[in-house]
Amino acid sequence: MPTNWTIDGVKEALAAKKISARELTADFYKRIESRNRELNAYLTLSPERARRQTDRIDALVAEGKPLPLLAGVPVAVKDVISTRGIKTTCGSKILENYVPPYDATAVERLEAAGAVILGKTNCDEFAMGSSNENSAYGPVKNPLAEDRVPGGSSGGSAAVVAAGLAVASLGTDTGGSIRQPGSFCGIPAMMGSYGRVSRYGLIAFASSLDRIGPFASNVRDVAAILRVIAGRDPHDSTSTTVPVPDYRAELGKAVKGLRLGIPKEYFAEGMDAGERKKIEAGMEVFEKLGCQLVDIRMPHTDYAIAAYYIIATAEASSNLARYDGVRYGLRVDDESLLAMYRRTRGAGFGAEVKRRIVLGAYYLKGQKVRSLIAQDFRDAFKKVDAILTPTSPVPPFKLGERTDDPLQMYLADIYTVTGSLAGVPGISVPCGKIDEKLPVGMQILAGAFLEARVLALAHAFEQAGGAAV
Ligand code: GLN
């Protein structure tokens, strides 16, 4: 049986009755069984729920009914996204036994479009991290280089797709957590504009930054998943009514003549030399496609990490206040209420989460810098149609290499936090491998709600061989 399924491939095979949804899912579970122990990418499998869905799809095939867009497509969901009846731990001890009573809107929409949910993926605790090493359930290995991290915080979601243990997956991006693991695992990964995808059922890290988005093995599949999950949801007042185009239909749009900004500030010292070479080779691919590269300045970039870590931690400490042993999850009893809170939170949260609760001050200053960074983007988009940058300053690093130095870890987010703060859409697409081993990702950013342009550029790049520069 093939292991490199695409969404179209699954649909064709089902329609031609070459395979049933049940058989396809069983084959994925078989592979998960043999590979997951090593990778630690799935935390929970949901075979019963998958079975109900494959039965539904196989019945449609048997009745000769039209198949929905994602019919029978095996997908995985990051463990910070609520799934009814399936444990959702956020990679934390404090929610070790939490089973949500409802589905996130994105999950509901995936299933309504025919997707089969295989299980929940490992991640940094409450999505706080860049390497997946902050999970209470152990790190995930990068399937392309098992001594290395898969990136984070959606490390499991990236790893399962890269290892062929799901056709696509959902992750979340607050400051890079979709784009960076996509880059580290050599697959395309996208966050839409803030508000593009409902956050209903996403367990909050930093509410003004959190976004749900897809991982897949190719840009066309990323476009399909994004289309399914995007759009207004009355359960999330920040989800937008801006219409959702058929992203796949827009993929063929000409990119010739587009002006692509290259911000000088993103190529400063600290960038890995091998990484730089690949990104430069990737830029040549865009030039060959007829795009025009334009040098631009984004002067507030240097302050982005500080602003991001102030805003994200302040919002996190407020969001995490609800884990007090009263309503959800873990409780460690003690004589007084305060002592119970203290012991519950002391035992339930890991070191990184505690560090962030303490860091969450200076919110207003952070917001001021955030608006300057958003202004940098608005100014840039007066001159150019999109912006190209590396996704990460460094390729996947070794497991354990940065865990003792939080600042080093935070600096790995330097190229992704800006787009997060500005609310604009961005994708990471594979852009070659250093020494034919370590994946590099090219980030493409455009103005708010110009997802179709981001996807068209990424698709053209992929089709022109960008992944093999
Ligand atoms: N690495 C960043 C952080 O630790 C981003 C995490 C994310 O996007 N969820 O906050």
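The values are calculated or read from the model by the stated rules, or taken from the named source; none is laboratory data. Just so you know, these numbers come straight off a predicted model, no measurement behind them. Here Cβ is always computed from backbone atoms with ideal geometry, including for glycine, and neighbour counts include all displayed protein chains. These area figures cover heavy atoms from the full protein model, side chains too; ligands, DNA and RNA do not enter into them. Shrake-Rupley method; radii C 1.70, N 1.55, O 1.52, S 1.80 Å.
Here are a few things to note about the model shown:
- Among the residues making up the stretch 239-273, those that are surrounded by 16 or more Cβ atoms within 10 Å (Cβ to Cβ), in contact with a Pro (Cβ under 8 Å, 6 or more places away or on another chain) and part of a loop (DSSP other than H, G, I, E, B) are MET271, ASP272.
- Residue, nearest to the ligand (Cβ to nearest atom), within the stretch 134-145, restricted to residues that are touching a helix residue (DSSP H, G or I) at 6+ places or on another chain (Cβ under 7 Å) and outside any strand (DSSP E or B): ASN134
- Within the stretch 32-54, tally of residues that are surrounded by fewer than 16 Cβ atoms within 10 Å (Cβ to Cβ) and farther than 19 Å from LYS78 by Cβ: 7
- Number of positions in the stretch 170-214 that are charged (D, E, K, R) and within 12 Å of the ligand (Cβ to nearest atom): 4
- Residue match in the stretch 201-220 (condition: in contact with a Pro (Cβ under 7 Å, 6 or more places away or on another chain) and part of a helix (DSSP H, G or I)): yes
- Only one entry in LYS354, LYS382, LYS365 is basic (Lys, Arg), in a helix (DSSP H, G or I), touching a residue at least 24 places away in the same chain (Cβ under 8 Å) and over 27 Å from CYS185 (Cβ atoms), namely LYS365.
- Residue match in the stretch 432-445 (condition: within 25 Å of ILE305 (Cβ to Cβ), more than 16 Å from the ligand (Cβ to nearest atom) and over 22 Å from the mean Cα position of the chain (by Cα)): yes
- Checklist (1) away from the ligand (no atom under 16 Å from the Cβ); (2) in contact with a helix residue (DSSP H, G or I) (Cβ under 6 Å, 6 or more places away or on another chain) applied to THR105, failing item: (2)
- All positions within the stretch 55-99 that are crowded, with 23+ Cβ neighbours inside 10 Å and either among the charged types (D, E, K, R) or not in a loop (DSSP other than H, G, I, E, B) (or both): ILE57, PRO74, VAL75, ALA76, VAL77, LYS78, ASP79, ILE81, THR83
- Where GLU401 falls short, out of the listed (1) outside any helix (DSSP H, G or I); (2) at pLDDT below 90: (2)
- Whenever a residue of the stretch 108-129 is on the phi < 0 side of the Ramachandran plot, its partners that are at pLDDT below 95 and part of a loop (DSSP other than H, G, I, E, B), lying with C-beta atoms within less than 8 angstrom and at least six residues away or across chains, give the pairs GLU125/PHE349; GLU125/GLY350.
- No other residue among GLY423, GLY325, GLY350, GLY419 is touching a strand residue (DSSP E or B) at 6+ places or on another chain (Cβ under 7 Å) and open to solvent by less than 30 Å² (accessible area, probe 1.4 Å) apart from GLY419.
- Across the stretch 413-422, not a single residue is classified as in a strand (DSSP E or B) and either within 15 Å of the ligand (Cβ to nearest atom) or closer than 24 Å to ILE212 by Cβ (or both).
- From the list VAL384, VAL417, VAL429, the one residue that fits, being β-branched (Val, Ile, Thr) and more than 26 Å from ASP221 (Cα to Cα), is VAL384.
- All positions within the stretch 108-133 that are within 13 Å of the ligand (Cβ to nearest atom) and either of a type in the set (Ser, Thr, Tyr) or open to solvent by 20 Å² or more (accessible area, probe 1.4 Å) (or both): SER130, SER131, GLU133
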